[in-house]
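Trainee: Take a look at this one; I'll ask things after.
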Amino acid sequence: MTEQRPAPVGYDDTPFIPGSRYRVHDGTRPQPRIVTPGTASTPESPGRPPSDAVVLFDGSDLSRWAARNGQPATWKVEHGYMEVAPKTGDIMTREELGDCQLHLEWMAPAEVKGNSQGRGNSGVFLMNRYEIQVLDCYNNPTYADGTTAAVYGEHPPLVNACRPPGEWQTYDIVWLAPRFEGERLVSPAYITMLHNGVLVHHHRDVLGPTGHRNVIPYTPHPSKGPLRLQDHGNPVRFRNIWYRPLDVEE
Ligand code: MG
């Protein structure tokens, strides 16, 4: 009978990985941090965020949000979602986000009104400057760089993955903030994004702050900024908004 030996959990006689201070299968390499995963959302209820997420909106109140003038946000909150109160203005988080993984869910009004940019329009502004379009583009043509999930005025999504209005939709965004050295742009922002689980941007370079009918060059700003949601006059709903700060540089 052969002796049962425990399986090795690392080696110290293997070659070094190119560019790394660790060997192949290095037993001294730190273990990944443990995160308890969340649960998926259903049409009836939002899922649970992963254990290390920072929750920005859990359906109960807007305490982590403010109007652009710093006053309390006045969008409607009911039944576990917030709803744009048209003409009250955009709202933004009181805390600031840099590199992050962001999850949010939104719903265009079930009652279809308007067309093109006038139908279910809102927006998610990363760092208060870079808009990912929220729009009902289910059977609603508009200019491609302004369609649902577009980096507004810059990059159309790879595909149109819209659900019909009145159904919850998900955005999952991996955001890398732009890097500046003094006045100089060292690296643009990069976005990778899934819309309803479908890849719509893959490591796409953001060209600068987004605007309407214009091109705006980068100007230096801090490495973090608030997340802003747009009041474009349509009662779009949001729920289950959370992010995980990322430390992606080794
Ligand atoms: Mg918009």
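Trainee: Quick one: in the stretch 137-148, which of the residues that are within 11 Å of the ligand (Cβ to nearest atom) and surrounded by fewer than 23 Cβ atoms within 10 Å (Cβ to Cβ) is nearest to His212 (Cα to Cα)? Spell out how you get there, then give the answer.
Mentor: So in the stretch 137-148, the residues within 11 Å of the ligand (Cβ to nearest atom) come out as 142, 146-148.
From what's left, surrounded by fewer than 23 Cβ atoms within 10 Å (Cβ to Cβ): 142, 146-147.
On the way: Thr142: 14, Gly146: 9, Thr147: 13 Å.
Taking the candidates together, the pick is Gly146.
Trainee: Out of curiosity, is Pro50 open to solvent by less than 30 Å² (accessible area, probe 1.4 Å) and either within 17 Å of the chain's Cα centre (by Cα) or of a type outside the set (S, T, N, Q) (or both)?
Mentor: The answer is yes for Pro50.
Trainee: Tell me, yes or no, whether the stretch 44-62 has at least one residue that is in a strand (DSSP E or B) and over 19 Å from Leu104 (Cβ atoms).
Mentor: Filtering the stretch 44-62 down to residues in a strand (DSSP E or B) leaves 54-57.
Among the residues that remain, those that are also over 19 Å from Leu104 (Cβ atoms) are: none.
No - not one qualifying residue is present in the stretch 44-62.
Trainee: Please give the number of the condition Gly153 fails out of (1) within 16 Å of the ligand (Cβ to nearest atom); (2) over 18 Å from the mean Cα position of the chain (by Cα).
Mentor: (2) is the only condition that Gly153 fails.
Trainee: Shifting gears a bit: For the stretch 119-130, indicate whether the set of residues that are within 16 Å of the ligand (Cβ to nearest atom), surrounded by 18 or more Cβ atoms within 10 Å (Cβ to Cβ) and farther than 18 Å from Arg68 by Cβ is non-empty.
Mentor: Yes, there is a match, as at least one residue in the stretch 119-130 is within 16 Å of the ligand (Cβ to nearest atom), surrounded by 18 or more Cβ atoms within 10 Å (Cβ to Cβ) and farther than 18 Å from Arg68 by Cβ.
Trainee: Out of Pro30, Pro8, Pro37, Pro72, which single residue is open to solvent by 60 Å² or more (accessible area, probe 1.4 Å), in contact with a Leu (Cβ under 8 Å, 6 or more places away or on another chain) and free of Cβ contacts under 8 Å to residues at least 24 places away in the same chain? Show your work before the answer.
Mentor: Details: Pro30 fails: in contact with a Leu (Cβ under 8 Å, 6 or more places away or on another chain); Pro8 fails: in contact with a Leu (Cβ under 8 Å, 6 or more places away or on another chain); Pro37 fails: in contact with a Leu (Cβ under 8 Å, 6 or more places away or on another chain).
Step by step, each of Pro30, Pro8, Pro37, Pro72 is checked, and only Pro72 is open to solvent by 60 Å² or more (accessible area, probe 1.4 Å), in contact with a Leu (Cβ under 8 Å, 6 or more places away or on another chain) and free of Cβ contacts under 8 Å to residues at least 24 places away in the same chain.
Trainee: Working carefully through the options Val134, Val159, find the one that is open to solvent by 60 Å² or more (accessible area, probe 1.4 Å) and β-branched (Val, Ile, Thr). Before the answer, list the steps.
Mentor: Numbers: Val134 fails: open to solvent by 60 Å² or more (accessible area, probe 1.4 Å).
After applying the criteria, what remains is Val159.
Trainee: On to the next question. Name the residue, out of His203, His195, His221, His212, that is under 14 Å from the mean Cα position of the chain (by Cα), surrounded by fewer than 17 Cβ atoms within 10 Å (Cβ to Cβ) and at pLDDT 95 or above.
Mentor: Values: His195 fails: surrounded by fewer than 17 Cβ atoms within 10 Å (Cβ to Cβ); His221 fails: under 14 Å from the mean Cα position of the chain (by Cα); His212 fails: under 14 Å from the mean Cα position of the chain (by Cα).
Sole residue among the options that is under 14 Å from the mean Cα position of the chain (by Cα), surrounded by fewer than 17 Cβ atoms within 10 Å (Cβ to Cβ) and at pLDDT 95 or above: His203.
Trainee: A further question on this structure: Check off (1) open to solvent by 30 Å² or more (accessible area, probe 1.4 Å); (2) more than 16 Å from the ligand (Cβ to nearest atom); (3) not acidic (Asp, Glu) for Trp175 and give me the number that stays unchecked.
Mentor: (1)
Trainee: Looking at the stretch 86-115, which of its residues are within 12 Å of the ligand (Cβ to nearest atom) and over 13 Å from the mean Cα position of the chain (by Cα)? Please lay out each step first, then the result.
Mentor: Taking the stretch 86-115 as the starting set, the residues that turn out to be within 12 Å of the ligand (Cβ to nearest atom) are 90, 106, 108.
Asp90, Ala108 - these are the residues of the stretch 86-115 that are within 12 Å of the ligand (Cβ to nearest atom) and over 13 Å from the mean Cα position of the chain (by Cα).
Trainee: Right, something else. Against the definition (hydrophobic (A, V, I, L, M, F, W, C), farther than 30 Å from Leu102 by Cα and modelled with pLDDT of 95 or more), how does Val24 come out, yes or no?
Mentor: Working: hydrophobic (A, V, I, L, M, F, W, C): yes; farther than 30 Å from Leu102 by Cα: yes; modelled with pLDDT of 95 or more: yes.
So Val24 fits the description; yes.
Trainee: Count, please, the residues in the stretch 207-250 that happen to be among the hydrophobic types (A, V, I, L, M, F, W, C) and within 16 Å of the ligand (Cβ to nearest atom).
Mentor: Here is the first cut: in the stretch 207-250, the ones among the hydrophobic types (A, V, I, L, M, F, W, C) are 207, 215-216, 227, 229, 236, 238, 241-242, 246, 248.
Subsequent filtering for residues that are within 16 Å of the ligand (Cβ to nearest atom) retains 216, 227, 229, 236, 238.
Residues that pass the stated criteria total 5.
The values are calculated or read from the model by the stated rules, or taken from the named source; none is laboratory data. From a predicted model like this one, the values you see are computed outputs, not experimental measurements. In this analysis, Cβ positions are derived from the backbone assuming ideal geometry, glycine residues included, and neighbour counts consider all displayed protein chains. Note: accessible area is taken over every heavy atom of the protein model, side chains too, but ligands, DNA and RNA are not part of it. Shrake-Rupley method; radii C 1.70, N 1.55, O 1.52, S 1.80 Å.
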